[in-house]
Structures are given as structure tokens and as C-alpha cells.
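Reviewing the structure listed below.
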Amino acid sequence: MTLDELRRPAEILLVEDNYGDVLLTREACEGPQVSINLTVASDGEEALSILHGERAGFEAYRPDFILLDLNLPRMDGREVLGIIKAEPILQRIPIIVLTSSKAEIDILKSYDLKANSYVVKPVEFDRLQEVITSLEGFWRRHASLPLSLAVRGNAH
């Protein structure tokens with residue numbers, strides 16, 4: 001089922017340590033053409049804690065997709081990507097790497113680790129808003145999600 005068919009906002013986990021990028025992404029997620037509930041983790045360990053329900057006040061959280069930066073403190077995005085895609089309970093969550101790196105090695109490694117997409121983070125806010133709108137639109141209107149991801153009540 002698509003999110004449009006379910007008539008609910010997209011649940012997105014943003015894994016990003018740069019506070020400025022978090023603020024810009026939040027603002028882009030509040031645009032009139034998108035319907036998004038955004039949860040933010042500031043590093044890879046926090047992201048895994050949220051997904052496993054280990055963060056205070058959270059049940060195990062299953063976002064519709066994850067926006068993952070590669071350059072994170074404590075546990076970098078590559079390691080997070082590898083862990084999520086290796087865990088049967090998490091591996092079906094789509095992961096879009098959203099990072100400033102244009103390096104071919106990072107692109108190849110991300111796809112080797114089973115990233116669903118690799119997007120170079122735009123510098124301009126208008127372009128970031130365009131990226132967020134198009135990602136949300138694709139996952140909302142076109143992508144069919146497994147019912148185990150699509151129909152649920154996430155407490156966060």
C-alpha cells in the first residue's frame with residue numbers, strides 16, 4: 001500500500017549531526033506540498049536506539065524511510081547502514097543516503113551496503129526543499145510499502 005492510500009503522513013528518521021542541516025531539513029519538511037512527521041537522531045548510535053525502542057519515551061520506531069548522513073560522530077553512517085541492512089527486523093526500511101560527499105568510493109560503498117538511494121545534499125535551501133518534496137512524493141504516491149511498515153502506530 002502507498003502512504004496516499006493509507007492517508008497518513010510519511011514517517012521519516014533523519015540521522016544528521018549538523019544542527020544547521022537539521023533545521024534546514026525540518027523547514028523543508030514543513031512545506032505545503034509535503035506531509036511528514038520527522039524524527040531526528042544526531043548520530044548513528046541514537047538512530048539505532050530509536051529503531052530498537054531504547055530511547056526513553058519511544059517504542060521501537062519503524063519509519064517509512066531513513067535519511068542518513070555518512071559523516072556522523074561515534075558511529076558513522078556507513079556502519080549504521082550496514083547494521084540496519086543486516087538486521088532482519090530493520091532491513092526492509094528504505095535508506096536514502098543524504099550527504100555532502102560526492103566521492104565515488106562513498107557512493108559505491110553505500111550501494112554495496114544496500115542503500116536504496118544516494119543523494120548529494122544540496123547547499124541551497126530551495127534545492128534541499130525540492131529534494132525532500134520529491135523523495136516524499138515518490139514514497140507517498142508511487143512506492144508500495146510492506147504492510148508491516150505501512151500500517152502501524154509509532155509512538156514517538
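Read-outs throughout are calculated quantities, based only on the coordinates presented, and are distinct from any laboratory measurement. These numbers come from a predicted model, not from an experiment. Every residue, glycine among them, receives a Cβ derived from its backbone with ideal geometry; neighbour counts consider all protein chains shown.
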Query raised in the report: What residues of the range 81-95 lie in the reach of a label at Glu54, counting those whose backbone N is under 12 Å from a point 7 Å from the Cα along Cα→Cβ?
Result: none
Query raised in the report: Using alpha carbon centroids, what distance separates the range 91-147 and the range 40-81, in Å?
Result: 16
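Once you list every other residue whose beta carbon is under 10 Å from the beta carbon of Arg140, what net charge do they have if Lys and Arg are +1 and Asp and Glu are -1? Mind showing how you got there, number by number?
On the way: positive: Arg8, Arg141; negative: Asp4, Glu5, Asp64, Glu136.
Combined, the nearby Lys, Arg, Asp and Glu give -2.
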Query raised in the report: Could you list, bin by bin from short to long, the percent of Cα-Cα pairs of the range 3-150 in 5 Å steps?
Result: 2, 10, 21, 24, 23, 15, 6, 1
**Report entry** Straight-distance crosslink candidates among aspartates and glutamates, where the alpha carbon sits under 15 Å from Lys109 and sequence neighbours closer than 8 are dropped
**Finding:** Asp69, Asp76, Glu79
Query - Interchain or long-range residues, amide H under 5 Å from Ala41's placed H - result: Leu14, Val15, Glu16
Query raised in the report: Listed highest first by mean packing, meaning other Cβ atoms within 10 Å per residue, what order do 107-114, 134-141 come in?
Result: 134-141, 107-114
